[in-house]
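See structure below.
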């Protein structure tokens with residue numbers, strides 16, 4: 001996983017060594033006592049059928065000393081509950097630290113085994129569409145009936161007071177939890193609970209600058225495929241610090257927009273230097289679009305210090321790079337941060353005569369923005385709006401690999417604040433057309449008389465599908481990138497397959513496509529039935545095999561961006577084999593979703609074409625049933641067979 005996810009924060013782990021000595025549950029000064037009832041528990045009546053529950057959670061946030069102490073205690077009820085002994089602590093790179101990790105397993109007889117293992121960094125996939133980096137470790141000797149317990153201190157950068165929040169609901173039922181926040185009194189603090197509070201929970205109360213809350217019997221939070229950002233859907237309390245006590249959202253954002261514009265103008269207003277730069281980059285004969293493309297490409301070539309890897313950051317420290325004060329510094333020195341590069345593009349475009357505006361947005365990868373909550377810190381990205389030939393185009397050249405006029409998916413379909421000296425205007429950043437993104441799979445394969453399918457496959461990732469993969473893999477080495485692509489193709493085939501990447505994809509490009517070529521071998525793809533052979537019609541449908549297959553759903557459906565996947569598969573048949581019957585064409589049109597499947601008989605071969613279009617983003621759960629029915633029909637179409645005979 002890349003370090004290019006700008007809106008996240010990174011928590012690294014330093015393992016605190018612990019002794020592995022037998023003890024009793026009453027021993028030790030660092031842990032609250034465990035009751036005999038907790039040791040003997042085998043179920044929780046308020047969460048029947050649970051594999052495990054939280055017995056106790058305690059989160060103590062300190063915005064004066066910039067730290068957070070976390071303590072969690074989990075009771076394991078069943079064999080399946082042992083998976084919760086694999087601890088995952090999400091992080092984003094180079095932000096604070098986690099120290100003082102302590103962990104232990106307590107058996108029902110009171111025996112304690114302290115954790116003394118290693119902490120690993122890994123990419124965790126919780127469900128389709130939900131992936132994050134985590135520091136992980138496994139608790140020792142966990143059995144049904146065991147209690148696992150761990151604590152740690154999360155440190156934040158000095159002065160950091162943003163993103164203070166309590167998450168009240170988790171994947172497991174919570175029997176009892178306590179939360180506190182020591183507020184930083186240099187700022188005014190307000191708080192809210194957007195999803196409400198768990199039943200029976202009183203609102204937070206203040207006691208000597210410490211906000212406190214206790215809750216109990218919090219229902220388990222289910223995780224589903226393609227759901228909105230997890231924390232957005234949970235019971236939670238959000239804290240916002242501000243120096244401005246204005247409570248009218250319109251007045252607040254107007255004043256803040258003026259301040260943002262003044263800051264951007266102070267950084268970017270170097271007209272003479274920018275006009276000279278434009279004359280070096282462009283030609284008088286260039287069309288307006290050509291000029292803009294050249295300016296964009298130039299900005300993307302600027303060394304982007306926001307996306308340096310950790311190893312390179314140490315080199316940066318030795319280089320003693322000078323502080324960037326304005327766009328002229330970036331242009332002359334050839335380096336700058338992502339937002340500075342965006343404002344350089346803005347300054348160059350303005351000097352070239354374009355109508356340009358700075359725009360501030362809140363990315364939707366981990367949070368949904370609500371301007372009524374008047375939290376300016378949520379506008380975490382600055383992009384550039386350019387009016388060209390009667391069209392409004394949005395640019396973020398500070399994102400490596402972003403094609404001309406293309407934003408990352410998390411910057412689309414969000415509210416943006418276009419700022420000027422008079423204030424600001426809210427706009428909605430548009431989504432790209434579903435034909436712009438997706439995966440094209442073109443396969444030319446040979447079926448032999450044993451049922452093995454073998455040949456060449458080309459995967460072309462388009463638009464946002466190409467961009468996020470380039471970003472996602474940017475810190476990985478060639479071996480990791482190869483594995484990622486091979487796993488991508490392998491996961492689309494519903495049976496075991498041998499996959500080998502045969503080309504070197506252009507990972508560094510800002511083009512709209514990323515092309516990968518493979519050798520593919522699928523043993524036993526066809527099966528003999530008497531004197532005839534059944535050949536499955538769709539080779540690459542595994543991705544939709546279990547998509548939205550449950551009859552009911554709890555959360556809304558959330559698709560990151562619209563896309564169209566297209567498969568074109570040509571299969572040459574063994575000599576003397578013929579097509580006896582082929583499936584009927586499938587054409588399903590559900591307005592926002594479309595599925596087409598056709599087969600074409602050719603001399604000695606068959607060609608299968610499949611297209612799946614998804615033009616959805618956020619769908620209320622009340623519309624889940626039609627979506628469920630649509631994918632049931634998709635699976636039925638993909639499961640059809642071509643009947644083959646031999647002479």
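The value of relative contact order for the chain, using C-alpha pairs under 8 Å at least six residues apart, is 10 percent.
Sort 287, 527, 306 so the one with the fewest other Cβ atoms within 10 Å of its own Cβ comes first. Write down the numbers at each step before the final one.
Details: 287 9, 527 12, 306 16.
Fewest to most other Cβ atoms nearby, the residues stand as 287, 527, 306.
Where both partners of a DSSP beta bridge lie in the chain, what percent of those bridges are antiparallel, to the nearest 5?
90
Contact order, relative form, for the range 438-646: 25 percent (alpha carbon pairs under 8 Å, 6 or more residues apart, mean separation divided by residue count).
Summary of packing: across the peptides 579-587, 623-631, the per-residue average of other C-beta atoms within 10 Å ranks them, highest first, as 623-631, 579-587.
Centre-to-centre separation between the Cα atoms of the range 408-457 and those of the range 255-302: 28 Å. Remark: 233, 51 ranked as 51, 233, counting other beta-carbon atoms within 10 Å and listing the fewest first.
Rounded, prolate or oblate: which fits the range 249-428, taking a ≥ b ≥ c as square roots of the Cα gyration tensor eigenvalues, rounded meaning a/c under 1.5, else prolate when a/b beats b/c? Could you put the intermediate results ahead of the total?
Details: a/c = 1.57, a/b = 1.18, b/c = 1.33.
Since a/c reaches 1.5 but b/c is at least a/b, the shape of the range 249-428 is classed as oblate.
Could I get the Rg over Rh figure for the range 156-287? Both from C-alpha atoms, Rh via Kirkwood, rounded to two places. A ratio of 1.20.
Where a ≥ b ≥ c are the square roots of the eigenvalues of the C-alpha gyration tensor, would you call the chain rounded, which needs a/c under 1.5, or, failing that, prolate if a/b is larger than b/c, or oblate? Present the calculation step by step, with values, prior to reporting the outcome.
Values: a/c = 1.84, a/b = 1.08, b/c = 1.70.
Oblate is the answer for the chain, as a/c is 1.5 or above yet b/c matches or exceeds a/b.
Please report the relative contact order for the range 36-242, taking Cα pairs under 8 Å with a sequence separation of at least 6, and give it as a percent rounded to a whole number. Display every interim value, and only then the final one.
Working: 476 pairs, mean separation 53.4, N = 207.
Rounded, it is 26 percent for the range 36-242.
Exposure proxy shown here: for 95, 345, the number of other Cβ atoms within 10 Å sets the order, fewest to most, as 95, 345. For the range 321-456, the alpha carbon positions stretch 74, 41, 35 Å along the principal axes, listed from largest to smallest.
Quickly estimate the mean residue ellipticity at 222 nm for the chain, helices only: each DSSP H run with n ≥ 4 gives -39500 (n - 2.57), and the total goes over all residues, rounded to 500.
On the way: 11 runs with 125 residues, N = 647.
Calculated mean residue ellipticity at 222 nm is -6000 deg cm²/dmol.
Annotation for residue 306 and residue 167: the two label points, set 7 Å from Cα along the Cα-Cβ direction, are 2.5 nm apart.
Quick note: the coordinates plus some simple rules give every number you see, no bench work behind them. Here the structure is a predicted model, which is why all the values come from computation and not from measurement. In this analysis, Cβ positions are derived from the backbone assuming ideal geometry, glycine residues included, and neighbour counts consider all displayed protein chains.
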